[in-house]
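Read-outs throughout are calculated quantities, based only on the coordinates presented, and are distinct from any laboratory measurement. Nothing here was measured: the structure is a model prediction, and the numbers come from that model. With ideal geometry, Cβ positions are generated from the backbone for all residues, glycine too; neighbour counts draw on all protein chains shown.
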Amino acid sequence: TSTVPQGPTGPVEQTNVKVMVRVRPFNNREINLTEGGVQNLRSIVLMEGPTVRLLDHERNYVEREAFEFDQAYWSLPESQNQFSTNPFADNETVFKETGIPAVENALAGYHNTIFAYGQTGSG
């Protein structure tokens, strides 16, 4: 019989690699470059669950590419959301769903790495 490793809050999930993605909101520079401000900005990202679709703004926003992740976090405020069906994810949500499981696995004796890549201060 094998035993399930236990963390501080219960059983820990046994996985090898998980890949998450988070889309940042438009920054002030992007908003200021757009005639009419935030109302005229259109994201080229569509999120549906763990699927992220990149849209081609030069071809009437048709799908250009699609990617699958373990989790996709939408961090654009509702005023900037034209396409995503994913709910808004704040920092606390991302931490609860990614950081806490990693810490629990580490406390159970497993190696963990969280690698974050992106523009500093972008969300």
Exercise for the section: Describe numerically, in nm with one decimal, the distance between label points set 7 Å from Cα along Cα→Cβ at residue 48 and at residue 69. Expected result: 1.7 nm
Exercise for the section: Report the full-extension gain for the segment residue 115 to residue 34: residue separation times 0.36 nm, less the Cα-Cα distance, to one decimal in nm. Expected result: 26.0 nm
Exercise for the section: Sorted from largest down, give the three principal axis spans of the alpha carbons of the stretch 63-123, whole angstrom values. Expected result: 43, 25, 23
Exercise for the section: Using just the alpha carbons, could you tell me how many Å³ per residue the convex hull of the stretch 35-92 encloses? Expected result: 81 Å³
